[in-house]
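The values are calculated or read from the model by the stated rules, or taken from the named source; none is laboratory data. Keep in mind it's a predicted model, so treat the numbers as computed, not measured. Virtual Cβ from ideal backbone geometry, glycine too; neighbours counted across all protein chains shown.
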Amino acid sequence: MGPVREARVLVDALTENIAVLDRAGVLIDVSADAYGHGVVRVAEAARTVGVRSFFVATADDALRTASLVPDADLVVGRVAEGRRDEIAAAGIAVSSERAGERVERDSVYGFDGRASAAMSLRSRVLATKAIRAGDGVSYGYTYRAPRDGRTALVGIGYGDGVHRHAGNTAFVLLDGAMLPVVGRVAMNVFVVFLGDRRVDDGADVVLFGDERSGEPPLTRWAAALGVQPASVTAGIGARVERTVR
């Protein structure tokens, strides 16, 4: 059985997404630790298809990235005048000095809904229980069961970056079906209404992932929450174990 909280970085998808880009003058955006995918992993994937130039938005991010990927051709966005010497000493260029280059982000990580998603966010069922029609779920009882059935407690919550708006709006893949997240998302867990289904403790729950494998798309999850896909992956917390597939 795998981790209770897992963000799988899909390296093959990353590599394929970068490989199909027009790579002339391209800068891969690796801001915010490559939006939660891991800047080292993304840099390695890019290098396998001949891309060695990267973009970050801030000076602090640029210095951190330069320390992790010291041989990268790194470009930073706007830099305060007082930090230009520090940035130059680290061998980092400023975007205003690099005319004719373009930054690629959404097509690299699958944020655009056309390229394959480069991450799958997953958890596991901790426990299930019976529920009667009209019973409330989670604190505040913002959801009441429409009929008798069962619920599953899933081991990931807003403390791990699952947006609290997921309650009563989003769906997850569990037992081969898209099932609703119900009630308020708690710090460590959320609840899924199973209907008449019976699932085992430890069953895999997929919030979003690789559409090619039948997993729900990141763009659908983000749309249900009313946020951008980049904010979803960048916001995944440190308690979530990163694995590579």
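Kindly provide the set of residues from segment 1-45 that are basic (Lys, Arg), touching a strand residue (DSSP E or B) at 6+ places or on another chain (Cβ under 7 Å) and not in a helix (DSSP H, G or I), ordered by number.
Once the filter is applied, which keeps residues that are basic (Lys, Arg), touching a strand residue (DSSP E or B) at 6+ places or on another chain (Cβ under 7 Å) and not in a helix (DSSP H, G or I), segment 1-45 yields ARG5, ARG8.
Just need a number here: residues in segment 146-173 that are in contact (Cβ under 8 Å) with a residue 60 or more places away in the chain and buried (at least 21 other Cβ atoms within 10 Å of the Cβ).
Residues that pass the stated criteria total 3.
Among the residues of segment 1-37 satisfying the criterion of being small (Gly, Ala, Ser) and surrounded by fewer than 21 Cβ atoms within 10 Å (Cβ to Cβ), which is farthest from ASP71 (Cα to Cα)?
GLY2
On the basis of being under 15 Å from the mean Cα position of the chain (by Cα) and either modelled with pLDDT under 95 or more than 13 Å from VAL154 (Cα to Cα) (or both), does ALA222 make the cut?
Here the answer is yes, as ALA222 does meet what is asked.
Looking at this structure, is ALA57 farther than 18 Å from ASP112 by Cβ, in contact with a strand residue (DSSP E or B) (Cβ under 6 Å, 6 or more places away or on another chain), surrounded by 16 or more Cβ atoms within 10 Å (Cβ to Cβ) and assigned by TED's automatic domain parsing to the domain that holds GLU97?
Here the answer is no, as ALA57 does not meet what is asked.
Tell me, yes or no, whether segment 64-85 has at least one residue that is at positive phi, assigned to a loop (DSSP other than H, G, I, E, B) and more than 23 Å from the chain's Cα centre (by Cα).
Scanning segment 64-85 turns up no residue that is at positive phi, assigned to a loop (DSSP other than H, G, I, E, B) and more than 23 Å from the chain's Cα centre (by Cα).
Under the condition of being of a type in the set (A, V, I, L, M) and surrounded by 18 or more Cβ atoms within 10 Å (Cβ to Cβ), which residue from segment 64-79 is farthest from THR15 (Cα to Cα)?
Only one residue tops the list, namely VAL79.
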